[in-house]
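J.: Below you will find the structure I want to go over with you.
Computed from the coordinates by the stated procedures, all read-outs in this text should not be read as laboratory data. For clarity, every value in this text was computed on a predicted model and none was experimentally measured. When we count neighbours, we look across all protein chains shown, and the Cβ atoms used for this are built from the backbone with ideal geometry, even at glycine.
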């Protein structure tokens, strides 16, 4: 485990923590944003709006603390790809949605390109954190029986 | 690649997150209904239409476009062929257009911004008056302009958005 990996994982965790907060406080607004993407069926909008902020919070805490780091890293990467592909899909369908990434406040229109670039960078950050984890012990727990 | 332990970790994280989410949603005052959409459990009563579908109907002249924004915004610029019908002026404007809108024609309402409620309000009023085929083009004005679809702009709006060709914006000595 390199210092670079710890730094990247910590940064990723901090981003997930920051992203979870506003959504945890305002689930209805977040549900409206998810619905705007028109990716999920209506029946899944509210469950996703309730689950995603908590998942981000738990992932953020685990990434920062370095606990269950492999599972947290893979899940966070899957989430980042899902978010980015949802944005790309909306863009390709001509939708102009609020990102819902860090804030649930209405941002007005015209920011899709910025959202795609920013979330694309987060995807790169997630991949970098995953690929730099090395093949050694992946938790802070001491190695036994060495 | 992931191994079995990592998959177990992922499943555990998902399970714990789901439990926390369900519990917090159950106890908080503004929890969402998990079966259905929206705080009140309502699903969108009025249909929505995509930009591609709306553009195709516009090109084929098979839909009436109603601009739900203010008359001032309409005057500054609107979708080509659209009519102005802000919801607050519905009672005054609708009677003069009723025959055109209630004949089975597809009607598309729009305003500006992804959360703009005006187009939905207008659609609801139209439905209440018996207009059957009403669709909302969400964030219609912005999407329409960004796609470069036909619009009518006032001279003032055109002047503000772009300088006339062959006319200097920062005029120096040389011509």
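J.: Could you grab the relative contact order for the range B:74-138? Cα pairs under 8 Å, six or more apart, rounded to a whole percent. Kindly include the intermediate steps, with their values, before the conclusion.
T.: Values: 65 pairs, mean separation 22.6, N = 65.
After rounding, I find 35 percent.
J.: What ranking of A:102, B:72 emerges when the number of other C-beta atoms within 10 Å of each C-beta is taken as an exposure proxy, fewest first?
T.: Working: A:102 14, B:72 10.
By the 10 Å Cβ count, ascending: B:72, A:102.
J.: How many partner chain Cβ atoms sit within 10 Å of a residue's Cβ in peptide B:8-14, on average, as a whole number? Walk me through the numbers on the way to the answer.
T.: Details: counts 2, 10, 8, 2, 3, 10, 6.
Mean shielding by partner chains, rounded to a whole number: 6.
J.: Still on this structure, please answer the following. For the residue pair residue B:35 and residue A:6, what label-to-label distance in nm results when each label sits 7 Å from Cα along the Cα-to-beta-carbon direction?
T.: 5.0 nm
J.: Next question, about the same structure. Of the peptides B:99-107, B:52-60, how do they stack up when ordered by the mean number of other Cβ atoms within 10 Å, highest first?
T.: Details: B:99-107: 14.2, B:52-60: 15.9.
Those peptides, ordered most packed to least, come out B:52-60, B:99-107.
J.: Just grab the label-to-label distance for residue B:28 and residue B:97, each label 7 Å out from Cα along the Cβ direction, in nm (one decimal).
T.: So the label points at residue B:28 and residue B:97 sit 4.0 nm apart.
J.: Follow-up. Using a ≥ b ≥ c from the Cα gyration tensor of the range B:47-161 (square roots of the eigenvalues), is it rounded, prolate or oblate, where a/c under 1.5 gives rounded and otherwise the larger of a/b and b/c decides, a/b for prolate? Before the final figure, lay out the partial values.
T.: On the way: a/c = 1.63, a/b = 1.33, b/c = 1.22.
Verdict is prolate for the range B:47-161.
J.: Per-residue Cβ counts within 10 Å, from other chains only, averaged over A:41-50: what number is that?
T.: Values: counts 1, 5, 5, 2, 5, 11, 9, 1, 5, 12.
Across the residues of A:41-50, the mean count of other-chain Cβ atoms within 10 Å is 6.
J.: Could you work out, residue by residue across B:127-139, how many beta carbons of other chains sit within 10 Å of that residue's beta carbon, and then give the average as an integer? Each step should come with its number before you reach the end.
T.: Numbers: counts 0, 0, 0, 0, 0, 0, 0, 0, 0, 0, 0, 5, 8.
Mean partner-chain Cβ count within 10 Å for B:127-139: 1.
J.: Here's a follow-up. Taking the Cβ of each residue in A:59, A:4, A:95 as the centre, tally the other Cβ atoms inside 10 Å and list the residues starting with the fewest.
T.: Details: A:59 27, A:4 13, A:95 21.
By the 10 Å Cβ count, ascending: A:4, A:95, A:59.
J.: How big is the shadow of the Cα convex hull of the range A:34-122, averaged over all directions, in nm²? Kindly include the intermediate steps, with their values, before the conclusion.
T.: Details: hull surface 24.0 nm².
The Cα convex hull of the range A:34-122, projected and averaged over all directions, gives 6.0 nm².
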